[in-house]
Amino acid sequence: MEAKTFQQGIHPHYNKELTNQKPLHRAEDPEEVLIPIQQHIGAPAQLIVEVGDEVAVGEKIAEAGGFVSANIHSSVAGEVTAIEEKNEQVVVKIKNDGSTKQKTNLEAHDSLADVTSSDIRDIIQEAGIVGLGGATFPSHVKVSIPEDKNVDTVILNGAECEPYLTIDHRMMVEMAEKVLFGLEAIMKAADAQKGYIGIEVNKPDAIEKMREITSDQSNIEVVPLKVKYPQGGEKQLIESVLEKEVPSGGLPLDIGVVVNNIGTAVAITEAITEGKNLFERAVTVTGAVNNPQNLIAKVGTPIEELIEQCDGFKGQPGKVIMGGPMTGKAQNRLDNPITKGTSGILVLDEEETKDYSEAGPCIRCANCVDVCPINLVPTRLVNLVKEDMIEEAEEDGLMDCIECGSCSYVCPSNIELVQRIKLGKEKLRAKKREQ
Ligand code: SF4
Ligand code: SF4
């Protein structure tokens, strides 16, 4: 079958060979974790522990602050030693006592036949599961379908188009049954009849494995996708798999589709079958480290400990990024903890670090226009934002930008287009709040 794809996009260096054949394995637990109480899109969670409290692995330490919010659980057993502010966030510091004492409010179920769609939504909500591809949108909200909407299709995003990252690839190869169970659970929760797993063709072993275990299921299809960035963007994935377009300003839900990440599907499976809350996740630690790896690490583990477990920096680090090179965030401190949204820790050496301080003038080459998967004119948006013409930028599709960074990647003048567009979006949101 021919691999499918979307219009536009780019072909960055993927560098996945550093870790794509390295099996997932468990990172050593840290002596202390730093757990932020806001690790999701939506309202912050509300603390329910105090300094001096003893907590178990998986115990809830902060309660969702509303429907669009998520519970937060401890990733280790031990004493809460501090509640403090770090990077403008409330974080809970827990000293790991090394025990494996567990606590959960969830029951374990053997099969999907034992749970209703409403049970699945409740389990996802209680487990604090959010989109693990980096979006961190609370997953129970995604499968709570409003009465005026109908979902017929669930797509699992196995594209993993972000360079360097390989955890979704490894999960499809090593945990295929959990991926499939998670997809079926999401389909049941959303009352969808058809499921797809879109996988880029640079993961042939994952395509083969997922095809093998879905071969007797006529309602689930594995779709090979061309290797192109941002193939895993929700709208691009839907365009590729279903040849349907999500309308400007709309959501996949508007055309009857729910998209979820591979890691999210695995977390949903573990919550249903093991009663496990979301307190650890897979992370690719890669780039300029001596032994790049795919680790399963506890939420709240400091970045530096994971780099240490990968035998430290290789050469002089230029930048440490949480996530991938296209959409990740550069870190100012190595004691920052990994969170539910951390799919990777990428170390770039000095040579690989693009220097935006040397940005030149726009030479009107139109490279940014040619690659934009949403058909925006990034250079025009940036100029409108600069002139504070935010309403005009909105009319030109400012809020449709998916912040993929393709425009910045191809700009020969090193203009930070995506950063300026993000700033414009923030300005527009602030203006709307004021109004
Ligand atoms: S304008 Fe937005 S969507 Fe278009 S290439 Fe740039 S970052 Fe991606
Ligand atoms: S890619 Fe850069 S230089 Fe070329 S038109 Fe866009 S902003 Fe201008």
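Every helix of 4 or more DSSP H residues in the chain counts as -39500 (n - 2.57), and over all residues that averages to -8000 deg cm²/dmol at 222 nm.
In the range 365-434, Rg over Rh equals 0.95, where Rg is the alpha-carbon radius of gyration and Rh the Kirkwood radius from pairwise Cα distances. A 1.4 Å probe run over the protein chains yields, for the range 10-161, 47 Å² of accessible area per residue, whole-number rounding. Compute the Cα gyration tensor for the range 16-96, then decide on rounded, prolate or oblate, letting a ≥ b ≥ c be the square roots of its eigenvalues: rounded whenever a/c is under 1.5, prolate when a/b is larger than b/c in the other cases, and oblate in all that remain. Since a/c reaches 1.5 but b/c is at least a/b, the shape of the range 16-96 is classed as oblate.
The value given for the range 307-384 is a Kirkwood hydrodynamic radius of 15.2 Å, derived from the mean inverse Cα-Cα separation.
For the chain, modelled as a GNM whose springs connect Cα atoms under 10 angstrom apart, the maximal fluctuation among Leu183, Leu156, Leu106 occurs at Leu106. Using a probe radius of 1.4 angstrom, the carbon and sulfur fraction of the accessible surface of the range 137-194 is 48%. Once the 1.4 Å probe is applied to the protein heavy atoms, the range 365-434 comes out at 51 Å² accessible per residue. The amide H of Val289, built 1.01 Å from its N in the peptide plane, has Lys314 as neighbours under 5 Å, considering only residues 5 or more places off or on other chains.
The simple Förster model, with R0 at 35 Å and r as the Cβ-Cβ distance, assigns Glu54 and Ser144 a FRET efficiency of 0.55.
Using a Gaussian network model of the chain in which every pair of alpha carbons under 10 angstrom is joined by a spring, one finds that among Asn105, Asn260, Asn71 the greatest mean-square fluctuation is at Asn105. Using a 1.4 Å probe on the protein chains only, how many percent of the accessible area of the range 1-52 belongs to carbon and sulfur? Whole-percent figure for carbon plus sulfur exposure: 50. Database note for the chain: Cys without another Cys beta carbon under 4.7 angstrom, Cys161, Cys310, Cys362, Cys365, Cys372, Cys401, Cys404, Cys411. Based on Cα contacts under 8 Å between residues 6+ apart, the range 365-434 shows a relative contact order of 35 percent.
Filter the chain for me: DSSP H helices, axial length by Cα at least 20 angstrom, mean Kyte-Doolittle hydropathy not below -0.5. List them by residue number. Sorted by number, the helices that extend far enough and score high enough are 176-190. Across all Cα pairs in the range 183-333, the calculated P(r) in 5 Å bins from zero up to the longest distance comes to 2, 7, 13, 16, 17, 17, 14, 9, 5, 1, 0 percent per bin. Relative to the globular-protein estimate of 2.2 N^0.38 Å, the Cα radius of gyration of the range 293-435 stands at 1.22.
Note on the range 299-322 and the range 25-95: Cα centroid distance 22 Å, given to the nearest whole angstrom. Within a straight-line Cα-Cα reach of under 23 Å, Lys4 can be paired with the following lysines, leaving aside sequence neighbours fewer than 8 residues apart in one chain: Lys16, Lys194, Lys203, Lys209, Lys226, Lys228, Lys235, Lys244. Averaged over its residues, the range 177-319 has an accessible area of 34 Å² per residue, based on protein heavy atoms and a 1.4 Å probe. For the chain, averaging the sequence separation of C-alpha pairs within contact (under 8 Å, six or more residues apart) and dividing by the residue count gives a relative contact order of 18 percent. Along its three principal directions, the equivalent ellipsoid of the chain from the Cα gyration tensor extends over semi-axes of 32, 27, 23 Å, largest first. The packing ranking of peptides 11-18, 189-196, highest mean first, is 189-196, 11-18, where packing means the average number of other beta carbon atoms within 10 angstrom of each residue.
For the range 365-434, the carbon plus sulfur part of the accessible surface works out to 47%, probe radius 1.4 Å.
The values are calculated or read from the model by the stated rules, or taken from the named source; none is laboratory data. Not measured: the values here are computed from a predicted model. In this analysis, Cβ positions are derived from the backbone assuming ideal geometry, glycine residues included, and neighbour counts consider all displayed protein chains. Just so you know, the surface numbers come from the protein's heavy atoms only, side chains and all, with ligands and any DNA or RNA stripped out. Shrake-Rupley method; radii C 1.70, N 1.55, O 1.52, S 1.80 Å.
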